[in-house]
Each structure stands twice: as C-alpha cells, then as structure tokens.
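These notes are about the structure you will find just below.
No lab work stands behind these numbers, since they all come straight from the coordinates. These numbers were taken from a predicted model, which means no experiment stands behind them. Here Cβ is always computed from backbone atoms with ideal geometry, including for glycine, and neighbour counts include all displayed protein chains.
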Amino acid sequence: MTENILEINNLSVEVSGKIVLEDVNLKIAKGEVHVLFGPNGSGKSTLLMTIMGFPAYKVLSGEIIFKGRDITNLPINERVRLGISVAFQNPPAIRGVKLREIIGYWTSSIKEIENLLKKVNFSPDLLDRDINLGFSGGEIKKSEILQIMAQKGDFFMIDEPDSGVDVENLKIIGRAINDMLQDKSGLIITHQGYILRFINAHIAHVILQGTIVCSGSPTKILTQILTEGYGWCYKCPMRRKIEKRETKTNS
Amino acid sequence: MSNEKKNREERNEDKLLENFASRLSRKPRKWQACALSNLPDEIIKRAYEVGVVPENSRAATYFQIDHSVISKAIQRTFQGQIEVMSTKEAMKKYDWFKKYWWRLVSKDMDQFTRLAYLKWDHGYFIRILEDQKVTLPLQSCLFVFTDYLNQNVHNVVIAEPGSEAQIITGCAVHPNIHGGLHVGISEFYIKEDAKLTFTMIHAWNRNFDSRPRSAALIGDNATFVSNYLLFQPVKSLQMYPVAYCKGVNSRVEFNNIIYGSGDSRIDVGSKVILQNSEARGEIITRAIATDNAKIYARGLLQGEHEESRAHLECRGLLLSDRAMIYTIPELLAKAQGAELSHEAAVGKIAEEEIYYLMARGFSEKEAASLIVRGFMDISIFGLPKDLEENIKRIVKATAERAL
C-alpha cells in the first residue's frame, strides 16, 4: 500500500466569518506531485494556508494528517520542522530583514548557499537587501524557491510559481522546482499551467467554491480547462454536489 | 492633547529641570589625563557600548569624564591631517576660533544653552584640515561618572574644504548614576567639497536628563551625514538638531534610530533648511517604543530655494500599549519649486510578517525579534565594520529584551 505524506479529511475552513473550504478531502502519497487548479477565489491559496497553519484560517471541522501525525492544531513553525515548506504567491516585504538571515537559519555553509543561488540564477547581492522590498516579480518567485530549497523539506507547496514571470525565468524556476521535487512530494497551484512544462506532476485536482470537484491526469485536466474553461467542470458528476451547496447557501 | 497644552507642559518640565540643574554638582573630582586602557573597567565597558575603542583603532580620540579632559590623542599617521583638543584649549590657542563659537546655536535659545554659556565644561574641538581624507574614524566620548552632576560641553567640528572624515561620538553615564544633566552644544562647519559623517550614540540611564543642542552649516558641494542611535533608557531627552544647506549642491542626511524603553521621555527631531540650488536633504527616523516610553519624533523640512529637494521618512513601532509614539513631520516651502515630501507610519508588528517568518521555521518570538532587529537596521549608515558589528550586537540584545 502506498504511504501518504499528506491526508486531508473532511476539512472545512472559515476565514473572517466566511466558509471558504468545505468538506475537502485530499491524499498525497510520498513522492507524488499534485497540481491544484481553480478559478480565482475558489479556495486554492486558502487550502495551502490552512495546511501551513496560518491562524486566520480557522478549521471548523476535519483533520490534516502529515506523515501520519495530526497537525491540525500545530503552530506554523512546527509544521515547517516536520518537513512542510511553502512558497508564497505574494509574500510580504519586511524592512531590515535580509534574505541572508532567513537562508542562514537553515544553512551556514557558504558553498551550499552559492549552490542554491546558482540553481535559481539569483544574484548574491539580493541576499543583503530587505526581503521582497523592491524585488521584481521574478526575483520574488526565485527568492521563495530559494528559501524552500534551503529548508530541505519533504513536502513543498508552491503557490503560482509561474505568475508574473518571464519566459527565461520561468524556465529557470521550473527546472529548479523539478530538481527540488525529486523523490519529494508537492502541491502546486497554477492558473495557466505553464510551470507544468518543467515539472512531472502526477495528479491534478480542480477546486470550485471551496470543494475539490475532480481529480485526474494533469495534462488532461489542464487541456480541458484551457479549451473549455471551468465551465467544463460543471459537466462532471460532482456538479450536483456543488449545486446542492449553492441551493443550501442561497436558502 | 492640544499643542498649547503640550507646550505648556513642556515649559513646566523644562522649568523643573532647570531648577533641578541648579541643585546639581558643579564640582566633580578632577581626573588625570591618561590612556583609555588605564581607565576603570566599568568606564571602558560602558564607553565600548557607545562605540569607543582603544586609541590605536581610531585616527584620533577625545575623551572627557565629567569636567576633565582625559585624552586628546592623534595617531602619528594622522598628525598634520587633523586637530583634536578641548574647546577651552582651542579658544586660548586660536583667535579665529571665536568665529565658530555660538554662531550656529544661539546662547539665548533656551535655558539649557544659557546654562552651557555660563557654565562651560570643555567639549571637543575637531578640525579636519584642508583636502585631508582621514581614512580611519575619529572618536570622542563625553562621559558622566559623578552622581548628580551637571555637565555642559560645547563642541565645535570643522571640516575644512575638500576634507573627508568620519567621527563617532559616544555620550554615556555610569550605569549606577541616580540623576544628572548633560547639556551638549555642537556646532558643525562642513566647508565646500568636504564630507563629514558624524555618528552619535547615547547611553544614558533612567535617572538622567539630556539636552543636546546642535546645528550644522554645509557649504558648496559639501555633505553632512548625521547618524543618531539611542538604545538605552533615559529620563528625558530633548533635541532638535538643524542643518543649514547653505551651499550650492549641499547635502544632509539625518538617520535616527531611537529605542525608547522604561519610562523614557524622548523628544527627538531633525531640521533641514535648504538655502541654495541643488540643496538636498533627507531625514530617516525609526522609533521603537516599549514599556511606558513616550517618543516624540519630529522632522522639519524647510525649502527656501526653488531648486531644492528633501524627503522625510518616519516609521514607528509600538511594542506596548502603555507606550506612545507621536510623529510630527512638518514641511515648510518658502520658494516655488522646492520639492518637499514626507511619509510617516506608526504601528505594531504586522502579523503577516510574523507568520511569513514562522513559515520559514522561526518561532513566533524569534520572528518578532528578527522584525524588531530589522526595524533598527543600521546597514545603511556606512559605519566602520567594528562599530557596525558592535551595534548589531546591541540591537540584537535590545530586540530580544524588548520582546
């Protein structure tokens, strides 16, 4: 039997008094890379933030099991210590805090840092700049990937690594992510799926209105979304479940 | 609080302090001149906290304890490039010295300038000679050792045309002092094409009052960089140094990092007066208030020439609900075309930043400490490596203590 690194069971989540995820179930086996598709506001980033343990994302019911351990109520940094890493889509800029200090938390080896920089073609000068302050879109993505590479986790969550990145940098980022994911597990959010040209993803999921409505081959699902949009998803058997939810909400 | 009420309160407080000052000692013991290494350990240790290191690591050293001048040494390599002595000595030595005396700061400015005028206890005179680029920083230390002492120093710094230098000044008191008042008058003359970087670090204590009064005159193509750092508590500190950008293309930068703790009452600001074309000014202030500290962070940009430009940035971080930060940025344009701008923000540590760092593995406390440390980032000051490392250690300890 394949061992799951992450198991989410019947997870419902509230953010600022609004239910954003409802009854989400997801299993990611060790060594598998999953992709999460969904329109804006469907709950993709919420799922990542909840797995990471951000306090604003309040778990109403369900559980998150990581490496066989219930982490639903663990603080963020303890989840990191267990091997979960996240690359954010829009990380905050923090004045005076240097990227070097964050990388330095995980490794003091100059050689290792140089190696990491090379992998994402990242200028060493940026290590001593205030993190994310005045970084370009590409630099932010690279900085995020650099940080999670340094963390050497077992499960990587990456939120839209291909948004706002030019073709050249996308290639660099895509290859670095693929390299990082060798023998590891991951969950990647993407809108256009450009990053999938460089990453061997195993399973894709579509999330609509806070519920995972279908799962399957990443290539097949992406092709359908790109040709028919998310309207296609409403044709699948899960449609009834969504409609039922909508009716319940409206009433 | 209305401005009128606040001004009334300030006047009352200053009156109380003036009365207090009249009861302070004016007759401390006399200290003999000696090498810094011969000073008691507690003084050396405290002086180190404000950036003072052994004489051989600096181009020149001026050290004053209470009313006594301990050291005014210039390293042999820098002889002929700089002059360092007490202002009393300079007054005796040079007739022209009077031209620089009470010229930028008025002796009638307030009761503290009057006090320093009537009861003057040395202070340093530093002169960088024409076209001399002094490669090592100079240092000075004004130390208060005696309990309930009134120390009034008057400093004059002249950067002659084309010269460049960096001065580190530490003002400190013995940690066990129960009360006292330091008044420091400083007049800076940065002549054409000169560049002076002046870094002042204060280490007072919770029973001590301080009233520095400073002004700088900046000539054509000259630059004055003034860095100010305060990490220790103080009973009260009030200063509002002013820089007159009088020359064409004259520049001034004020960088202030103020950490208010305990019951400190800190009223600190910087003024930039732009008086000629291409004059540029910048004020950057970072204020952190914790415990019951009250910080007033002021700033005034005054544009008197149409081709002048200045910016003021003030950020405050509040670490306690009992503390207070009041930022008062002011822009005064007196000429069309003067470009003056400011931005000010005061708040607590952003949760978003904490969680971001926690997602990088830091504990909540470590994350907060890193953010506070980052807030007091001194890497832009361009300090000598040894001083920067020393201050980083102080900042790290301060940030950890703050949380």
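Mind checking which of B:A368, B:A159, B:A310 has the largest fluctuation in a GNM of chain B, springs on alpha carbons under 10 Å?
B:A368
Sort the following peptides by mean Cβ neighbour count (other Cβ atoms within 10 Å, averaged over residues), highest first: A:145-153, A:200-208, B:379-387.
A:145-153, A:200-208, B:379-387
Hey, what's the per residue convex hull volume over the C-alpha atoms of segment B:215-300, in cubic angstrom?
In segment B:215-300, the Cα hull volume divided by residue count equals 61 Å³.
If one puts a single equal scatterer on every Cα of the protein assembly as shown and applies the Debye formula without solvent, what log₁₀ I(q)/I(0) results at q = 0.07, 0.11 Å⁻¹?
Those come out to -0.58, -1.04, one per q.
Just from its helices, what would the mean residue ellipticity at 222 nm be for chain A, if runs of 4 or more DSSP H residues each count -39500 (n - 2.57) and the sum is divided by every residue, rounded to the nearest 500 deg cm²/dmol?
-10500 deg cm²/dmol, from helical runs alone.
Run the dipole for segment B:82-159 about the Cα centre, Lys and Arg Cβ at +1, Asp and Glu Cβ at -1, nothing else charged, and hand back the magnitude in debye, nearest 20.
Magnitude of the dipole: close to 220 debye.
Using only the Cα atoms of segment B:211-359, what semi-axes does the equivalent ellipsoid have when each is the square root of 5 times a gyration tensor eigenvalue? Give whole Å, largest first.
Listed largest to smallest, the semi-axes of segment B:211-359 are 30, 17, 12 Å.
Can you pull the semi-axes for segment B:289-398, root of five times each eigenvalue of the Cα gyration tensor, sorted largest first, whole Å? Could you put the intermediate results ahead of the total?
Numbers: eigenvalues 206, 67, 40 Å².
Equivalent ellipsoid of segment B:289-398: 32, 18, 14 Å, largest first.
Classify chain B as rounded, prolate or oblate from the Cα gyration tensor: take a ≥ b ≥ c as the square roots of its eigenvalues, call it rounded if a/c is under 1.5, otherwise prolate when a/b beats b/c and oblate if not. Let's see the in-between values first.
Working: a/c = 1.32, a/b = 1.15, b/c = 1.15.
Since a/c stays below 1.5, the shape of chain B is classed as rounded.
Calculate the dipole size of the protein assembly as shown relative to its Cα centre from +1 charges on Lys and Arg beta carbons and -1 charges on Asp and Glu beta carbons; express the result in debye to the nearest 20.
On the way: 84 positive and 79 negative charges, 206 e Å.
Using only the charged Cβ atoms, the result is roughly 980 debye.
Taking the alpha-carbon centroid of each part, what is the distance from segment B:74-151 to segment B:218-264 in angstrom?
Each part reduced to its Cα centre gives a spacing of 18 Å.
Taking neighbour Cβ counts within 10 Å as the exposure measure, how do B:E400, A:E32 sort from fewest upward?
With the fewest neighbours first, B:E400, A:E32 line up as B:E400, A:E32.
To the nearest 20 Debye, how big is the dipole of segment B:349-403 about its Cα centre, given +1 on the beta carbon of each Lys and Arg and -1 on that of each Asp and Glu?
Magnitude of the dipole: close to 220 debye.
Would you mind pulling out the separation of the Cα centroids of segment A:137-210 and segment A:76-122, in Å?
So the two Cα centres are separated by 15 Å.
Give the shape of segment B:61-161 as rounded, prolate or oblate, defined through the alpha-carbon gyration tensor: a ≥ b ≥ c are the square roots of its eigenvalues, a/c under 1.5 means rounded, and otherwise the shape is prolate if a/b is larger than b/c and oblate if not.
The shape class here is oblate.
Using just the C-alpha positions of segment B:18-79 as equal point scatterers, what log10 of I(q)/I(0) does the Debye formula give at each q in 0.15, 0.28 1/Å?
-0.55, -1.22
If you take every DSSP beta bridge fully contained in the protein assembly as shown, what fraction is antiparallel? Give it as a percent rounded to 5.
DSSP beta bridges in the protein assembly as shown are roughly 20 percent antiparallel.
Going down the list A:K111/A:K142; B:K191/B:K396; B:K93/B:K119, which pairs span over 30 Å between their C-alpha atoms? Kindly include the intermediate steps, with their values, before the conclusion.
Values: A:K111/A:K142 18 Å; B:K191/B:K396 37 Å; B:K93/B:K119 20 Å.
B:K191/B:K396, as the Cα separations exceed 30 Å there.
For segment B:349-403, take every pair of Cα atoms, bin their distances at 5 Å starting from 0, and report each bin as a whole percent.
Binned Cα distances yield the sequence 4, 21, 26, 19, 16, 10, 4.
If you build a Gaussian network model of chain B, linking Cα atoms that sit under 10 Å apart, which residue out of B:Q151, B:Q111, B:Q132 swings the most?
Fluctuation is largest for B:Q111.
Set the bar at 26 Å for Cα to Cα. Now go through A:K141/B:K385; A:K18/A:K184; B:K27/B:K92; B:K15/B:K45; A:K141/A:K184 and name every pair that lies beyond it.
A:K141/B:K385; A:K18/A:K184; B:K15/B:K45
Stokes-Einstein D for chain A at 37 °C, 0.692 mPa s, Kirkwood Rh over Cα pairs, in µm²/s?
175 µm²/s
Which residue fluctuates the most in chain A, going by a Gaussian network model with Cα springs under 10 Å, if the choices are A:Q192, A:Q89, A:Q209?
A:Q192
Go through segment A:42-56 residue by residue and turn each phi into a ³J(HN,Hα) via Karplus (6.51, -1.76, 1.60, θ = phi - 60°); whole Hz please, and just put x for glycine and proline.
7, x, 4, 5, 4, 4, 5, 5, 5, 4, 6, x, 5, x, 5
May I ask you to order B:390-396, B:232-238 by the average number of other C-beta atoms within 10 Å around their residues, highest value first?
Highest to lowest by the protection proxy: B:232-238, B:390-396.
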